[in-house]
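The values are calculated or read from the model by the stated rules, or taken from the named source; none is laboratory data. In this text, all values refer to a predicted model and were calculated from it rather than measured experimentally. Cβ placement follows ideal geometry from the backbone for every residue including glycine, while neighbour counts extend to all protein chains displayed. The accessibility values were calculated without ligands, DNA or RNA, using every heavy atom of the protein model including side chains. Shrake-Rupley method; radii C 1.70, N 1.55, O 1.52, S 1.80 Å.
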Amino acid sequence: MNFSEGFKLSGLLCKFSPDGKRLASCVQYRLIVRDVNTLQILQLYTCLDQIQYVEWSSDSLFILCAMYKRGIVQVWSLEQPDWHCKIDEGSAGLVASCWSPDGRHILNTTEFHLRITVWSLCTKSVSYIKYPKACQQGIAFTKDGHYMALAERRDCKDFISLFVCSDWQLLRHFDTETQDLAGIEWAPNGCVLAVWDTCLEYKILLYSLDGRLLSTYRAYEWSLGIKSIAWSPSSQFLAIGSYDEKVRILNHVTWKKITEFEHPPIIANPKIIVYKEVEKSATVETQKLSFPPTRELASSLFSIPSKYDISQVPMSLQYIKPVADRANPRIGIGTLAFSPDNCFLATKNDNTPNAIWIWDIQKLKLFVVLEQLCTVNSFQWDPRQPRLAICTGNSKVYLWSPAGCVSVQVPMEGDFQVLSLCWHSGGDTMALLSKDNFCLCYLEREEVK
């Protein structure tokens with residue numbers, strides 16, 4: 001494992017291009033594009049205000065920078081650095097911006113979700129879509145980029161509109177049997193759209209591409225419902241995380257529950273491996289001390305090294321009792337992610353914020369639990385193999401694979417706390433992001449048996 005030097009960053013805005021050749025990062029109002037292999041600066045763009053969101057086009061030729069406070073989006077071309085585009089929503093304001101799958105249209109959502117404006121970079125034409133719903137996930141594109149689903153709210157009812165992305169023609173429009181729709185997500189194969197209701201009611205609806213209701217699933221009533229969902233890469237399974245601290249797996253044939261995964265605070269099954277992060281006593285050889293200290297030595301002096309021990313079962317995880325009289329209680333399954341090979345599911349129960357649960361999808365049972373010393377901030381699967389990267393807001397990055405897990409100190413000067421991370425599409429590089437800096441972490445490819 002090797003690390004690059006640190007580079008300045010603001011707003012955790014750092015993204016690899018889809019083709020894997022470039023890396024974009026933002027520092028206040030500047031957008032910096034680097035070559036992934038050499039980290040040489042290829043382009044430096046200056047925006048009109050502090051950048052709040054950045055996104056690559058699907059073909060990696062353009063990059064969008066949104067400045068929500070000013071209601072402005074600026075677009076830059078990698079092929080023609082002199083070409084640029086500025087979209088000003090004016091008094092309508094701006095709360096969200098994204099690319100269409102073709103990389104030639106930009107969808108801007110105005111304040112109060114009054115409308116979505118579709119701007120064409122090729123023809124400079126403008127289209128409007130009315131009544132978009134203000135919810136956690138109101139726009140979803142199929143993986144092949146052919147269709148867009150949009151959640152709408154009009155006359156106190158929820159609707160879904162399906163559009164053809166090539167010409168923005170309306171394909172289907174239908175109402176949903178929801179009280180207050182919370183989100184939508186396509187299956188990776190683009191055949192089924194999952195629609196879930198407000199957290200006040202456990203309800204998930206599955207629609208076909210022609211708007212037919214395929215199935216409705218309700219696990220229980222009169223209690224807080226769905227908190228997160230994830231499709232498996234093969235589209236065979238739909239995992240639903242809920243406030244009752246369980247994950248339910250639906251199959252793609254009958255849309256019935258095939259199993260449910262519980263997240264108890266006590267691990268009692270002796271077949272479960274529990275990796276517990278423990279502090280190692282730091283030892284510094286005084287003969288090797290130098291002044292000024294090297295980057296690696298400075299990093300090791302001010303942070304406590306850690307390792308993983310295999311815990312004896314039964315064991316208790318650190319458990320937080322949620323405050324019952326407050327909104328959005330820290331309870332239930334807040335994060336779910338399938339491994340790219342469809343073999344594992346990683347989950348986080350917000351009641352046990354230091355633990356990650358890894359489930360074997362082939363055997364439909366718990367495989368491993370990782371308990372960290374700090375609260376898990378973020379975790380993400382390697383896009384090429386079953387390898388999970390984890391960060392907990394300290395100066396370490398953690399990796400798990402079926403072969404075991406490891407804690408690695410990031411050798412950065414000063415207080416480099418890893419708040420987020422993102423994988424390169426090749427699976428051999430990661431960007432580690434802190435509040436003011438980022439660095440790249442290079443991994444050797446593991447041979448997948």
Exactly one of Lys86, Lys133, Lys157 is among the basic types (Lys, Arg) and crowded, with 20+ Cβ neighbours inside 10 Å, and that residue is Lys133
Of the criteria (1) within 23 Å of Ala24 (Cα to Cα); (2) open to solvent by less than 20 Å² (accessible area, probe 1.4 Å), which one Thr392 fails: (1)
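Filter segment 35-57 for residues that are of a type in the set (Ser, Thr, Tyr) and surrounded by fewer than 18 Cβ atoms within 10 Å (Cβ to Cβ) and give the result. Can you show your working first?
Initial filter on segment 35-57 (of a type in the set (Ser, Thr, Tyr)): 38, 45-46, 53, 57.
Matches in segment 35-57: Thr38, Thr46, Tyr53.
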I'd like the full set of residues that are of a type outside the set (A, V, I, L, M), at pLDDT 95 or above and assigned to a strand (DSSP E or B), limited to segment 145-165. Tyr147, Glu152, Arg153, Lys157, Asp158, Phe159, Ser161, Phe163
Tell me, please, whether a residue that is in a strand (DSSP E or B), modelled with pLDDT of 95 or more and surrounded by fewer than 19 Cβ atoms within 10 Å (Cβ to Cβ) can be found in segment 58-73. no
For segment 207-219, enumerate the residues that are closer than 13 Å to Ile240 by Cα and buried (at least 19 other Cβ atoms within 10 Å of the Cβ). Tyr217
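Mind checking which residues of segment 257-268 are exposed (fewer than 12 other Cβ atoms within 10 Å of the Cβ) and touching a residue at least 24 places away in the same chain (Cβ under 8 Å)? Step through it out loud before you land on a result.
Just the residues of segment 257-268 that are exposed (fewer than 12 other Cβ atoms within 10 Å of the Cβ), to begin with: 262, 266, 268.
Those that are exposed (fewer than 12 other Cβ atoms within 10 Å of the Cβ) and touching a residue at least 24 places away in the same chain (Cβ under 8 Å): Ile266, Ala268.
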For segment 128-152, name all the residues that are within 8 Å of Ile184 (Cα to Cα), small (Gly, Ala, Ser) and touching an Asp or Glu at 6+ places or on another chain (Cβ under 8 Å). Ala140, Ala151
Of everything in segment 387-409 that's touching a residue at least 60 places away in the same chain (Cβ under 8 Å) and in contact with a Pro (Cβ under 8 Å, 6 or more places away or on another chain), which residue is nearest to Lys307 (Cα to Cα)? Ser407
Hits in segment 8-21 - residues which are in contact with a strand residue (DSSP E or B) (Cβ under 8 Å, 6 or more places away or on another chain), open to solvent by 30 Å² or more (accessible area, probe 1.4 Å) and under 16 Å from Val33 (Cβ atoms): Lys8, Lys15, Pro18, Lys21
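Per-residue answers, yes or no, for (1) assigned to a strand (DSSP E or B); (2) modelled with pLDDT of 95 or more; (3) surrounded by 21 or more Cβ atoms within 10 Å (Cβ to Cβ); (4) polar (S, T, N, Q):
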residue	(1), (2), (3), (4)
Trp400	yes, yes, yes, no
Val406	yes, yes, no, no
Val418	no, yes, yes, no
Cys422	yes, yes, no, no
Ser425	no, yes, no, yes
Ala431	yes, yes, yes, no
Glu446	no, no, no, no
Lys449	no, no, no, no
Could we say that Leu443 is within 15 Å of Ser4 (Cα to Cα), touching a residue at least 40 places away in the same chain (Cβ under 8 Å) and touching an Asp or Glu at 6+ places or on another chain (Cβ under 7 Å) here? yes
Go through the residues of segment 102-110 one by one and say whether even a single one is touching a helix residue (DSSP H, G or I) at 6+ places or on another chain (Cβ under 9 Å), modelled with pLDDT of 95 or more and either surrounded by fewer than 17 Cβ atoms within 10 Å (Cβ to Cβ) or farther than 17 Å from Ala140 by Cα (or both). yes
What number of residues in segment 123-142 are in contact (Cβ under 8 Å) with a residue 24 or more places away in the chain and farther than 18 Å from Ile160 by Cβ? 1
Answer with yes or no whether Gln80 is open to solvent by 80 Å² or more (accessible area, probe 1.4 Å) and within 25 Å of Leu23 (Cα to Cα). yes
Taking Pro383 as meeting all but one of (1) open to solvent by less than 10 Å² (accessible area, probe 1.4 Å); (2) under 21 Å from the mean Cα position of the chain (by Cα), write down the number of the exception. (1)
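Are any residues in segment 239-252 more than 23 Å from Thr352 (Cα to Cα) and either touching a strand residue (DSSP E or B) at 6+ places or on another chain (Cβ under 6 Å) or open to solvent by less than 30 Å² (accessible area, probe 1.4 Å) (or both), and if so, which ones?
Looking only at segment 239-252, we keep the residues that are more than 23 Å from Thr352 (Cα to Cα), and these are 250-252.
Within segment 239-252, Leu250, Asn251 qualify.
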